[in-house]
Amino acid sequence: MLRARLAPLALLAPWLLPGCAASRVPLPLPTPSPAGMLHLEGTEFVAARVHHGIPILQRSFFWDGNGEVDDTGVGLQWGHFVADDMALGVSGNATNWWTPGPDVQSVEIEGLLRFYPVPDWPLFVSGTSGYQLADHAIPPGGTVWNFSFGFGTGVELPIAAGTSALFGVDYHHVSNALGHESPRNPSQNEARLWVGCAWTF
């Protein structure tokens, strides 16, 4: 009697058992996202950083520099990768100049170019160019406004998916370029040491 009742189940066993066995096969784990910033075309990034500028006295490269003032500031950058390993964007800085007497504060807005010369390496080179406005003449004896540009190199250390710590050094130059009929062109050349963090999205 019992055997007669189990007979229908025996007929279904070939179809039920493979399904049960298949359900016990572990599903593949999701592929983890690569650590650090992405440098792929179409990717965007935001970077925050702090810097300290050390003046380079007299002539450096092709530009004279008579500024002798250290400065410290914070910055924010946004960039868009127009091609793999090449990004264009904007950079802004708010800086305190440690002048004798009352300090001077300035804000700066610049265009940004960043390029990774060797694919999949953390090394990059960058350049900026723009305009600076201060609340007093900087460097001392100069003007409250200046043109600015810089170039340098840095490295990335991956922290998490899409996130990297950044370390770098830039050559940075500010001068009024005798604009607005200024009779003098005081300028400052400096090495800007900086650290920051960047996120891609």
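Below, the figures for the structure above:
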{"read-out": "All-pairs Cα distance distribution in the range 44-200, expressed in whole percent, bin size 5 Å", "value": "2, 9, 18, 24, 18, 13, 9, 6, 2, 1, 0"}
{"read-out": "Neighbour-count order for 46, 118, fewest beta carbons within 10 angstrom listed first", "value": "118, 46"}
{"read-out": "Residues 71, 103, sorted so that the one with the fewest Cβ neighbours within 10 Å comes first", "value": "103, 71"}
{"read-out": "Fewest-first ranking of 37, 86, using other Cβ atoms within 10 Å as the exposure measure", "value": "86, 37"}
{"read-out": "At R0 = 45 Å, FRET efficiency that the Cβ-Cβ distance of residue 177 and residue 35 yields, to 0.05", "value": "0.55"}
{"read-out": "Computed lengthening from residue 184 to residue 167, 0.36 nm per intervening residue step minus Cα-Cα distance", "value": "2.6 nm"}
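A short reminder: the numbers here are calculations on the coordinates, not readings from a lab. Values in this document were obtained by computation on a predicted structure and should not be read as measured data. Neighbour counts run over all protein chains shown; Cβ positions are idealised from the backbone, glycine included.
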